[in-house]
Structures are given as C-alpha cells and as structure tokens.
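The values are calculated or read from the model by the stated rules, or taken from the named source; none is laboratory data. The model shown is predicted, which means the values in this text are computed figures rather than measured ones. Glycine also receives a Cβ, built like all others from the backbone with ideal geometry; neighbour counts cover every protein chain displayed. The accessibility values were calculated without ligands, DNA or RNA, using every heavy atom of the protein model including side chains. Shrake-Rupley method; radii C 1.70, N 1.55, O 1.52, S 1.80 Å.
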Amino acid sequence: MRHTTLIALLTLVIATSPLANADETCNSPYIAKLIKGQEDYVYVWTLGVEGIGDGSDKLVTVDVNPKSKRYGKVIHSVPTGSRVEAHHMGFTDDRRHLWAGGLADNRIWVFDIATDPAKPRIVQTISDLGEKSGWLGPHTYYAMPGRMLVQALSNTQDKGGRTGMALYNNKGKFIASYAMPTENGGDGYGYDLAVNPRKNVLLTSSFTGYANYMRPIGELMKDGEAMKKFGATMAVWDLKAMKAGKVFSVPGAPLEIRWSLNPKDDWAITAAALTSKLWLIKQEGKEWVAKEVGTIGDPSKIPLPVDISITRDGKGLWVNTFMDGKTRYFDLSNPEAPKQTYEKVTGKQVNMISQSWDGKRVYITSSLLASWDKGGADNEQFLRGFAWDGKELSHRFEVDFTKQKLGRAHHMKLGSNALRTAAPKK
C-alpha cells in the first residue's frame, strides 16, 4: 500500500513540476528553499583519523560569508563517536535535515540544520539499512517528495559490488529496496543516482564493492582480479515504476551523474574514473543513448577524475582529478564535444568540488577514501575556497583539517542563515 501511494505521489510530481534547481547545482531537483545569494556555511562531512583529535567522523561547519568576522574559520563540529569511512550526505526535500553515512558501515546520521544552521545537531541515527535491504555502505542520499532514496555501494553477504537502493520516508522509516540490474548487460554495481522528472527517468552509475574500496589503492591496482571487479555500466530507470530498463556499457567506473539544469536540455553527463572519459546520456528519438564525448587529461597517467559539478545553465563543467591535484573546467556549449578551457593545480590531492548557484564561488576538499589518500607530504587534508571570475580561480581561504585535528575533509553541502526555521508543529 505504501509503495502504491509513493508511486501515485511521484506521478503527480512528475506531471506537474518543472525540473527544479538548487544552490549547489548537484542537488536533487525536489529540494526546496534554495540559496541563490551568498551562502553562509559549508558543511564538511569528515573522516575520522585514529590519533588525530577525537578520531571520530564528524560534520564540520565552516563560515564562508566574506562579510563575517569568522570568514574561513571552523565554527562548529559534531562528532558521531564512530569512524566508518564518512563519505557522502544529502538534504531532505524540505531542507530541514541532512542525511550522512559511511562506506564501512550501514548507519545513517540525520542532522538538524534548520533550527540553527550554524550549529547542526544529530537528531536520529538510522541503523536498519543492512537488515532491511541487505545493502552495505550507503553512498548517495537523494531527496524525493517526502522520501530519501539511498544508493549503496556494497552488500552484507560477500561485500562485493552487487548492491541496490533503499527508500526511506523523511522520518527514517524503511519503505522499499531496489536491486541494481543484473540482466540485459547489468553488472549489479551502483554508485550515484540522478533524476529528470520531466522525462520520468532515473539514471544510476556504478563503482565497486567494500572488498575493493577498503583496500589500499596501491595494493588494489596490483591485483588484476580485483581490478576486474569495477562497475562498467549505467542504467536508465522508469522513475514512476522504479524499474530498471536499458543498461549502457560505460567502461571504467562511471561516477557522479549531473543532469543539465537548463530547462531546454534533457541530457546528463558523467566521468569514468578509470578511463578518464566524459560520457553523455541523452535521448535520441524515443531511445536513450550513452556516448563517449571527451577526455580528461592524459588517461595513460590515470589522473582519476573523482568529482564533477555542472553550472546552472548547463554550459560548463568542473572536474577534479585526484592523482594530479588538478581542477579543470570544460565548456559544455556543445555537450557532444566538451572542450577544456582551464586547469589549475588546487592541491597535492583533490577530491570533491562544489560551486555556488551564481558560479562565483568554488569549494574544494581533499580526501577520497582513507585507504586511497596519498601519504607523507602529499596527504594534504583541507577545505579551500576560491573565487571564479570566468577566467581564473583565485584562492580566498583554507582550513587545514590535519592542523586543526579534524580528520580528512570529504563531502560538502551549503548552508544559510536564511534557512533557519522552527520545527513544524506536530
């Protein structure tokens, strides 16, 4: 009954709503209360490191408003009391809560960011993902109307790459699970998901399982059999039915998926980590197709593209490559032929990249995975803020997470004082 009700709700939303936009351009289209001006905070989901500070995973709040006396400073930190490879997080559709989890565990922490945006607090811990779905390592948290769709990376049986998605309501109650496709060319692997309501389409990408991503990267890359256990597919799902349809061959672990936010566009782009290729997913006639459309750096040197961020007009794409520490910008005026127009070394290792809605501010963090980060002097752990004038990234501030004994800086989301709201009446 609950599933039928959800499908009816999704059908209504798809039929009546245009594709919405978000302040940080890679959020779910269903998220409300957008930040279109200056953001006040960057929330950084941070991996704990044994022997550094309290050693716990934590949500760190950094003041990023240039008018603030605390600009570029850490103003709050919420430890979880655990160390479970903190990775990604996502807002609920009402933007009151932020869900976050780790790849070495099945717990999901829910933070209240509405009561006091400067001081998030844990209000719930969801711990039944493995029990209810069999999935391990929650990765992507994607807001649906009154719901949260969680994409996992692994499973509780063999800790391999076969996995799926779990659907919860905003109160943290499990509703349903959906296995990644293993037929018609599907490999069962998962990573990211992204929705285009206009087209009733959900796209999923693929990575690898716990047994691989928890190993040291140098050791892993020397293991020929293990290197075969990476995802090489993307799938097109019927959003209303939550059923996988066509499966594309996309070699090299396609990671983040970004739909163009231009209302005239109905295409998405992704980057394959192991092959350093950009892929375009679009509709031609009635068929969805996937095309290799660009190259990132020199693939023979394995630059390892790890995160991408699309501009709000769909005309530009930021790409971070972990191994060479570079941030690249691609002109997407013709998405069939992206052109790199800019690059800059922004760290000895770089991972996530986020941008403001107006595109004038860019934020970069350093950590990929605890066992994949570089060592020695190359093991920089930071949040860096930059200004972008369309031609050059100019450094504005840096938070050294190691020096401040915080851990490894990974995923980011933006916050604003304007989003402060009282708890809804029960």
Filter segment 102-149 for residues that are more than 25 Å from residue 41 (Cα to Cα), polar (S, T, N, Q) and assigned to a loop (DSSP other than H, G, I, E, B); the one that is most open to solvent (accessible area, probe 1.4 Å) is 127
Over segment 266-292, the set of residues touching a residue at least 60 places away in the same chain (Cβ under 8 Å) and over 30 Å from residue 348 (Cβ atoms) is 266, 267, 268, 281, 283, 288
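Considering each of 376, 415, 385, 407 in turn, give the residue that is surrounded by 20 or more Cβ atoms within 10 Å (Cβ to Cβ) and on the phi > 0 side of the Ramachandran plot.
Numbers: 376 fails: surrounded by 20 or more Cβ atoms within 10 Å (Cβ to Cβ); 415 fails: on the phi > 0 side of the Ramachandran plot; 385 fails: on the phi > 0 side of the Ramachandran plot.
It is 407.
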Reported set for segment 332-373 where residues are open to solvent by 40 Å² or more (accessible area, probe 1.4 Å) and touching a Pro at 6+ places or on another chain (Cβ under 8 Å) is none
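Those residues that are of a type in the set (A, V, I, L, M), farther than 23 Å from residue 25 by Cα and open to solvent by less than 40 Å² (accessible area, probe 1.4 Å), I need them from segment 39-74; list them, please.
Going residue by residue through segment 39-74, those that are of a type in the set (A, V, I, L, M) are 42, 44, 47, 49, 52, 59-60, 62, 64, 74.
Going one step further and asking which of them are farther than 23 Å from residue 25 by Cα, we end up with 47, 49, 52, 74.
Passing the criteria: 47, 49.
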From the option list 213, 178, single residue qualifying as of a type in the set (Ser, Thr, Tyr), open to solvent by 10 Å² or more (accessible area, probe 1.4 Å) and in contact (Cβ under 8 Å) with a residue 40 or more places away in the chain is 178
Here the qualifying pairs (Cβ atoms under 8 Å; residues six or more apart or on different chains; first in segment 293-310 and within 8 Å of residue 278 (Cβ to Cβ); second in a loop (DSSP other than H, G, I, E, B) and open to solvent by 30 Å² or more (accessible area, probe 1.4 Å)) come out as 293/336; 293/337; 294/337
Counting only strands (runs of 3 or more DSSP E) entirely within segment 293-356, those with at least 2 residues that are among the hydrophobic types (A, V, I, L, M, F, W, C) and touching a Phe, Trp or Tyr at 6+ places or on another chain (Cβ under 8 Å) are 305-310, 316-321
